[in-house]
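Following: one structure in structure tokens, then a few remarks.
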Amino acid sequence: MSFSFIEIWHQAGVVGKSVFVLLAVMSVYSLGLVAERLRRYAAARRDSLAYVERLRDLLGKSDLEGVVKVAREHPRSPIAAVVAAGMGAYVTGVKGASAGRVGVDLVEALDRSLERVRDRQVASLKRGLSGLATIGSTAPFVGLFGTVVGIIKAFTSMSATGSGGLAAVSGDIAEALVATGLGLFVAIPAVALFNYLSTRVEELTVDINDVSGEVVAHVLREGRALPETKAA
């Protein structure tokens with residue numbers, strides 16, 4: 001008997017084939033998810049770097065409304081989304097205030113808005129990673145299930161034929177070992193890629209927190225209303 005995968009597939013039973021198909025689906029799903037997340041993180045980093053460069057200039061000019069407007073030009077940047085939401089709430093509050101100085105309530109509103117949108121953006125960045133972690137943790141057990149089924153078939157064949165020779169059970173043993181190998185083949189990359197993507201999310205989260213902190217620090221340091229409202 002040839003021990004090619006095609007031959008083992010034809011020799012495998014319904015349960016064994018189901019295990020193979022399930023592992024193949026898990027592998028394709030994990031690879032597709034990783035490719036989509038990598039593109040998302042690359043776009044987020046690229047747009048965020050471009051926005052932060054503009055943000056420095058706008059904050060230097062105290063053009064807070066410009067901060068919100070420019071953020072719309074970078075829709076894939078989580079930093080832009082967070083800063084735009086927080087600064088938008090702050091600008092609205094300043095315009096509605098009668099005094100020229102920034103009240104503590106406005107700074108708190110800014111901080112709450114930043115935190116709320118930051119949490120949503122981080123959750124968006126983590127989307128799908130739980131599924132990748134699930135595949136990494138369950139694929140070996142799916143493969144193990146196929147192994148158990150293959151071993152049971154081997155003993156059943158030995159009992160049915162009354163022969164204990166290797167030739168009688170070699171196909172079933174091969175099926176069991178292939179199931180184990182496929183389970184590990186799916187799980188190991190999934191775990192490694194999950195750890196890598198989690199690191200990318202942590203890096204983006206740190207960047208979001210740093211820029212958010214800089215925005216709050218700028219407002220506290222300046223302690224002024226919008227430029228056009230100072231003369232009021």
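Since every read-out is calculated from the coordinates, none of them should be taken as a lab result. Just so we're clear, the structure is a prediction, and the values are computed from it rather than from any experiment. Ideal geometry is used to build each Cβ from the backbone, glycine not excepted, and the neighbour counts take in all protein chains shown.
Couple of notes before you dig in:
- Under the span-like rule (Cα at least 24 Å along the axis, Kyte-Doolittle mean at least 0.5), DSSP H helices of the chain: 14-60, 78-96, 129-161, 166-222
- Cα-based reach from K95 at 17 Å (exclusive), listing lysines while leaving out same-chain residues under 8 positions away: K69, K230
- Taking label points 7 Å from Cα along the Cα-to-Cβ direction, R54 and L38 give a separation of 2.9 nm.
- Straight-line cross-link partners of K126 among the lysines, defined as a Cα under 19 Å from its Cα and at least 8 positions apart when in the same chain, are absent.
- Measure of compaction for the chain (Cα Rg per 2.2 N^0.38 Å): 1.64
- Each residue, S159 and Y29, gets one label point 7 Å from its Cα in the Cβ direction; the gap between the two is 3.4 nm.
- Mean residue ellipticity, 222 nm, helices only, the chain: the sum of -39500 (n - 2.57) across DSSP H runs of n ≥ 4, divided by residue count and rounded to 500, is -30000 deg cm²/dmol.
- Only the Cβ atoms of Lys and Arg (+1) and of Asp and Glu (-1) were treated as charged; on that basis the dipole of the chain about its Cα centre amounts to roughly 460 debye.
- Filtered chymotrypsin sites (Phe, Trp or Tyr not before Pro), segment 38-132: DSSP coil and at most 10 other beta carbons within 10 Å: none
- Trypsin sites (Lys or Arg not before Pro) restricted to DSSP loop in segment 1-93 with at most 13 other C-beta within 10 Å: K61, R72
- Cβ crowding within 10 Å ranks H74, H10, H218 as H10, H218, H74, fewest other Cβ atoms first.
- Mean separation of Cα contacts under 8 Å, 6 or more apart, over the residue count of segment 5-227: relative contact order %: 29
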